[in-house]
Amino acid sequence: MTTRSPLPAPVRVVGRLLAAIVWTVLGLLAYFVCQGMFGGYRQIHSQLLTTLGMITIALAGGLAWIIDERRPHDDE
C-alpha cells in the first residue's frame, strides 16, 4: 500500500479557497433559481430551472445527511 505525501500548505489553502468560492457561487445560483429570480423568461425555461434547482437542493441535503450519519460522533 502506498502512501501519498501531503500537499504543501499553500497549495491546500488555495485549493480550499477555490472550493469555497465555487460552492458559494453554486449555492447562490441555486438560491436565485429557487426564489424565481429568473422567472418569466420562457426562452431559458425558468419553470424547469426552478424545479431542477429544488430537486438539486433536496438531493444535496440528503447526501449531506447520509455522509454525516456515516461519520462517528463523539457524543454517542
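Based on alpha-carbon positions alone, could you give the equivalent ellipsoid semi-axes of the chain from the gyration tensor, as √(5λ), descending, whole Å? Spell out each step's value before the answer.
Details: eigenvalues 233, 78, 23 Å².
So the equivalent ellipsoid measures 34, 20, 11 Å along its semi-axes.
Compute the signed sum of charges (Lys and Arg +1, Asp and Glu -1) over the other residues within less than 13 Å, Cβ to Cβ, of G61.
-2
Which of the listed residues, A20, Q43, P72, is farthest toward the dipole's positive end in the chain, when Lys, Arg count +1 and Asp, Glu count -1 at the beta-carbon?
Working it through, the farthest residue towards the positive pole turns out to be Q43.
Would you calculate a helix-derived [θ] at 222 nm for the chain, using -39,500 (n - 2.57) for each DSSP H run of n ≥ 4 and dividing by the full residue count, to the nearest 500? It would help to have the intermediate numbers written out before the result.
Details: 2 runs with 51 residues, N = 76.
Calculated from helices alone, the mean residue ellipticity at 222 nm is -24000 deg cm²/dmol.
Computed from the coordinates by the stated procedures, all read-outs in this text should not be read as laboratory data. A quick note: this is a predicted structure, and the numbers were derived from the prediction, not measured. Here the Cβ is made from the backbone with ideal geometry for all residues, glycine too, and neighbour counts use every protein chain on show.
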